[in-house]
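Working notes, structure below.
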Amino acid sequence: MAKLLIAVIFSLLLLVPVGAQNAFAIVIDDYTAPSGVVVGGPATANQIKVDAGILGGERDMNLQGVGPGLTFMVANLGVLTYTQGHLGGSNTVGLIVYDGQDNSIAIDNLGLGGVDLTTGGHDRFLLNVQSSDCDTLSFNVISGIGSSTLIIVPTVGIMELEYTSFVGNAVFSQVGAITMAMLTTGSTPCTIEIIDFRTGAAVQQIGGEIIPIQTTSLILAENYFGN
Ligand SMILES: [Ca+2]
Ligand SMILES: [Ca+2]
(Lines give C-alpha, C1' and ligand atoms only; values in the text may rest on other atoms or scores of the structure.)
(Ligands and ions follow the chains in the order given, each with its own letter.)
Protein backbone atom coordinates (compact mmCIF):
# COMPACT_ATOMS: atom_id res chain seq x y z
CA MET A 1 0.00 0.00 0.00
CA ALA A 2 2.78 2.38 0.94
CA LYS A 3 4.57 1.69 -2.33
CA LEU A 4 1.35 2.35 -4.23
CA LEU A 5 0.85 5.69 -2.50
CA ILE A 6 4.43 6.71 -3.19
CA ALA A 7 3.88 5.83 -6.84
CA VAL A 8 0.69 7.94 -6.90
CA ILE A 9 2.47 10.89 -5.32
CA PHE A 10 5.32 10.54 -7.80
CA SER A 11 2.80 10.51 -10.65
CA LEU A 12 1.16 13.65 -9.31
CA LEU A 13 4.56 15.34 -9.35
CA LEU A 14 4.91 14.57 -13.04
CA LEU A 15 1.42 15.82 -13.87
CA VAL A 16 1.90 19.34 -12.52
CA PRO A 17 2.66 21.71 -15.39
CA VAL A 18 6.16 23.09 -15.09
CA GLY A 19 4.95 26.66 -15.50
CA ALA A 20 2.56 26.37 -12.57
CA GLN A 21 5.30 25.20 -10.25
CA ASN A 22 7.00 28.54 -10.34
CA ALA A 23 3.79 30.52 -9.94
CA PHE A 24 4.94 31.85 -6.58
CA ALA A 25 8.57 32.36 -7.46
CA ILE A 26 9.87 35.84 -6.91
CA VAL A 27 12.27 36.52 -9.75
CA ILE A 28 15.14 38.53 -8.37
CA ASP A 29 16.92 38.74 -11.71
CA ASP A 30 17.07 36.75 -14.94
CA TYR A 31 19.68 39.09 -16.41
CA THR A 32 17.73 39.77 -19.60
CA ALA A 33 17.74 43.50 -18.81
CA PRO A 34 21.18 44.56 -20.04
CA SER A 35 23.65 46.39 -17.83
CA GLY A 36 26.58 47.89 -19.66
CA VAL A 37 30.03 46.56 -19.00
CA VAL A 38 31.51 47.60 -15.69
CA VAL A 39 35.24 47.60 -16.22
CA GLY A 40 37.63 47.55 -13.35
CA GLY A 41 40.46 50.03 -13.14
CA PRO A 42 42.28 52.00 -10.50
CA ALA A 43 38.96 53.28 -9.15
CA THR A 44 35.66 51.54 -8.43
CA ALA A 45 33.06 51.51 -11.19
CA ASN A 46 29.27 51.36 -11.18
CA GLN A 47 26.34 50.53 -13.44
CA ILE A 48 22.72 51.05 -12.38
CA LYS A 49 19.97 49.48 -14.49
CA VAL A 50 16.29 50.29 -14.11
CA ASP A 51 13.93 47.59 -15.41
CA ALA A 52 10.53 46.29 -14.32
CA GLY A 53 11.75 42.69 -14.64
CA ILE A 54 14.26 43.11 -11.81
CA LEU A 55 13.16 42.76 -8.18
CA GLY A 56 12.59 46.29 -6.90
CA GLY A 57 12.89 47.63 -10.44
CA GLU A 58 16.63 48.19 -10.36
CA ARG A 59 20.00 46.40 -10.38
CA ASP A 60 22.99 48.21 -8.89
CA MET A 61 26.38 46.84 -9.99
CA ASN A 62 29.70 47.85 -8.51
CA LEU A 63 33.33 46.75 -8.82
CA GLN A 64 35.56 47.37 -5.83
CA GLY A 65 39.24 47.01 -5.12
CA VAL A 66 40.20 46.34 -8.67
CA GLY A 67 43.82 46.23 -9.76
CA PRO A 68 45.83 45.51 -12.89
CA GLY A 69 44.32 43.10 -15.42
CA LEU A 70 40.91 43.17 -17.12
CA THR A 71 38.18 42.70 -14.55
CA PHE A 72 34.60 43.33 -15.57
CA MET A 73 30.94 42.62 -14.92
CA VAL A 74 28.11 42.70 -17.45
CA ALA A 75 24.50 41.50 -17.74
CA ASN A 76 23.27 40.78 -21.24
CA LEU A 77 21.03 38.28 -23.07
CA GLY A 78 20.10 36.51 -19.87
CA VAL A 79 23.61 36.02 -18.54
CA LEU A 80 25.44 37.82 -15.78
CA THR A 81 29.16 37.51 -16.38
CA TYR A 82 31.83 38.43 -13.88
CA THR A 83 35.44 38.01 -14.92
CA GLN A 84 38.30 38.56 -12.56
CA GLY A 85 41.46 39.08 -14.57
CA HIS A 86 43.31 40.48 -11.62
CA LEU A 87 47.02 39.83 -11.84
CA GLY A 88 47.98 40.73 -8.33
CA GLY A 89 47.53 43.16 -5.52
CA SER A 90 44.43 43.67 -3.49
CA ASN A 91 41.29 41.57 -3.52
CA THR A 92 38.44 42.20 -5.95
CA VAL A 93 34.73 42.36 -5.21
CA GLY A 94 31.97 42.38 -7.81
CA LEU A 95 28.86 43.54 -5.96
CA ILE A 96 25.25 43.44 -7.14
CA VAL A 97 22.59 45.12 -5.02
CA TYR A 98 18.80 44.79 -5.22
CA ASP A 99 17.46 47.58 -3.04
CA GLY A 100 14.79 49.31 -5.11
CA GLN A 101 15.15 52.40 -7.24
CA ASP A 102 17.57 54.49 -5.21
CA ASN A 103 19.86 55.24 -8.17
CA SER A 104 22.86 54.65 -5.94
CA ILE A 105 25.33 51.87 -5.24
CA ALA A 106 24.86 52.65 -1.54
CA ILE A 107 22.62 50.03 0.05
CA ASP A 108 19.13 51.16 1.06
CA ASN A 109 18.22 48.70 3.83
CA LEU A 110 14.51 49.40 3.33
CA GLY A 111 14.53 49.83 -0.45
CA LEU A 112 12.50 46.74 -1.34
CA GLY A 113 9.78 47.79 1.08
CA GLY A 114 9.58 44.52 3.01
CA VAL A 115 9.19 41.97 0.20
CA ASP A 116 8.12 38.51 1.43
CA LEU A 117 10.62 35.95 0.11
CA THR A 118 8.60 33.12 1.70
CA THR A 119 5.59 33.69 -0.58
CA GLY A 120 4.19 30.37 -1.78
CA GLY A 121 5.99 28.50 0.99
CA HIS A 122 9.33 29.12 -0.65
CA ASP A 123 12.27 28.60 1.65
CA ARG A 124 15.35 29.07 -0.47
CA PHE A 125 16.94 30.93 -3.35
CA LEU A 126 17.49 29.04 -6.58
CA LEU A 127 20.63 30.27 -8.33
CA ASN A 128 21.24 28.91 -11.81
CA VAL A 129 24.96 28.95 -12.55
CA GLN A 130 26.02 28.40 -16.15
CA SER A 131 29.74 28.19 -15.53
CA SER A 132 32.21 29.05 -12.83
CA ASP A 133 35.79 28.61 -11.81
CA CYS A 134 35.54 31.29 -9.13
CA ASP A 135 35.77 30.28 -5.51
CA THR A 136 33.39 32.43 -3.52
CA LEU A 137 29.91 33.91 -3.74
CA SER A 138 28.51 35.84 -0.81
CA PHE A 139 24.84 36.70 -0.26
CA ASN A 140 23.38 39.15 2.19
CA VAL A 141 19.68 39.52 2.99
CA ILE A 142 18.78 42.71 4.83
CA SER A 143 15.56 43.46 6.67
CA GLY A 144 15.85 46.91 8.17
CA ILE A 145 18.47 46.65 10.92
CA GLY A 146 18.71 42.85 10.62
CA SER A 147 20.90 41.00 8.13
CA SER A 148 21.89 37.44 7.31
CA THR A 149 24.80 36.15 5.25
CA LEU A 150 25.59 33.00 3.28
CA ILE A 151 28.95 32.32 1.65
CA ILE A 152 29.19 29.48 -0.86
CA VAL A 153 31.51 27.93 -3.40
CA PRO A 154 29.57 28.14 -6.68
CA THR A 155 28.93 24.99 -8.70
CA VAL A 156 27.36 24.66 -12.13
CA GLY A 157 23.61 24.01 -12.26
CA ILE A 158 20.77 25.09 -10.00
CA MET A 159 22.13 25.80 -6.55
CA GLU A 160 19.66 25.73 -3.65
CA LEU A 161 20.47 28.38 -1.05
CA GLU A 162 18.19 27.55 1.85
CA TYR A 163 17.17 30.46 4.06
CA THR A 164 18.02 28.35 7.11
CA SER A 165 21.64 28.19 5.90
CA PHE A 166 22.02 31.95 6.26
CA VAL A 167 23.70 33.21 9.42
CA GLY A 168 22.20 36.28 11.07
CA ASN A 169 18.91 37.82 12.08
CA ALA A 170 17.23 38.96 8.85
CA VAL A 171 13.48 38.39 8.59
CA PHE A 172 13.00 36.71 5.20
CA SER A 173 9.33 37.69 5.04
CA GLN A 174 10.15 41.40 5.34
CA VAL A 175 13.18 42.07 3.18
CA GLY A 176 14.55 45.50 2.35
CA ALA A 177 17.61 44.61 0.29
CA ILE A 178 19.48 41.64 -1.20
CA THR A 179 23.12 41.67 -2.22
CA MET A 180 25.25 39.18 -4.11
CA ALA A 181 29.01 39.55 -4.16
CA MET A 182 31.62 37.72 -6.17
CA LEU A 183 34.78 37.68 -4.09
CA THR A 184 38.14 36.80 -5.48
CA THR A 185 41.49 36.97 -3.84
CA GLY A 186 44.97 37.70 -5.01
CA SER A 187 46.10 36.85 -8.49
CA THR A 188 43.91 33.92 -9.60
CA PRO A 189 41.83 34.83 -12.67
CA CYS A 190 38.31 33.38 -12.82
CA THR A 191 34.93 33.79 -14.51
CA ILE A 192 31.40 33.06 -13.32
CA GLU A 193 28.22 33.16 -15.42
CA ILE A 194 24.80 33.26 -13.73
CA ILE A 195 21.54 32.93 -15.68
CA ASP A 196 18.82 33.09 -13.03
CA PHE A 197 18.29 34.14 -9.41
CA ARG A 198 14.87 33.57 -7.82
CA THR A 199 13.05 32.18 -4.82
CA GLY A 200 11.84 28.60 -4.82
CA ALA A 201 11.27 25.33 -3.07
CA ALA A 202 13.29 22.11 -3.16
CA VAL A 203 14.03 20.87 -6.65
CA GLN A 204 14.59 17.40 -8.00
CA GLN A 205 15.76 16.21 -11.36
CA ILE A 206 13.43 13.95 -13.35
CA GLY A 207 14.39 12.92 -16.86
CA GLY A 208 16.69 15.84 -17.34
CA GLU A 209 14.01 18.35 -16.35
CA ILE A 210 14.34 20.16 -13.06
CA ILE A 211 11.04 20.73 -11.27
CA PRO A 212 10.25 21.93 -7.76
CA ILE A 213 8.84 19.38 -5.33
CA GLN A 214 5.20 20.24 -4.67
CA THR A 215 4.37 21.20 -1.12
CA THR A 216 0.91 19.61 -1.47
CA SER A 217 2.48 16.25 -2.31
CA LEU A 218 4.76 16.46 0.69
CA ILE A 219 1.74 17.19 2.91
CA LEU A 220 -0.01 14.16 1.41
CA ALA A 221 2.97 11.98 2.22
CA GLU A 222 3.30 13.39 5.73
CA ASN A 223 -0.38 12.78 6.45
CA TYR A 224 -0.20 9.23 5.19
CA PHE A 225 2.91 8.30 7.13
CA GLY A 226 1.68 10.09 10.22
CA ASN A 227 4.55 12.58 10.43
CA1 LIG B 1 18.98 50.27 -6.28
CA1 LIG C 1 21.41 51.09 -3.99
* Asked: Which number in (1) surrounded by 18 or more Cβ atoms within 10 Å (Cβ to Cβ); (2) within 16 Å of ligand 2 (Cβ to nearest atom) marks the one condition that G113 misses?
  -> (1)
* **Matching residues, the stretch 153-182, being surrounded by 15 or more Cβ atoms within 10 Å (Cβ to Cβ), in contact with a Ser or Thr (Cβ under 9 Å, 6 or more places away or on another chain) and either farther than 21 Å from D102 by Cβ or among the aromatic types (F, W, Y) (or both)** => P154, Y163, F166, F172, M182
* Structure fact -> From the option list M159, M180, single residue qualifying as in a strand (DSSP E or B), within 24 Å of Q84 (Cα to Cα), of a type outside the set (D, E, K, R) and within 15 Å of ligand 2 (Cβ to nearest atom) is M180
* Asked: Regarding L70, is this residue within 28 Å of S132 (Cβ to Cβ), modelled with pLDDT of 90 or more and either more than 16 Å from ligand 1 (Cβ to nearest atom) or assigned to a strand (DSSP E or B) (or both)?
  -> no
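Yes or no, residue by residue, for (1) surrounded by 18 or more Cβ atoms within 10 Å (Cβ to Cβ); (2) in contact with a Leu (Cβ under 7 Å, 6 or more places away or on another chain):
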| residue | (1), (2) |
| --- | --- |
| D51 | no, no |
| V79 | no, no |
| L95 | yes, no |
| L127 | yes, yes |
| F139 | yes, yes |
* Asked: Within the stretch 87-102, is even one residue modelled with pLDDT of 90 or more, more than 23 Å from N128 (Cβ to Cβ) and among the acidic types (D, E)?
  -> yes
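The values are calculated or read from the model by the stated rules, or taken from the named source; none is laboratory data. Here the structure is a predicted model, which is why all the values come from computation and not from measurement. Methodologically, a virtual Cβ is constructed for each residue, glycine included, from the backbone with ideal geometry; neighbour enumeration extends over all protein chains shown.
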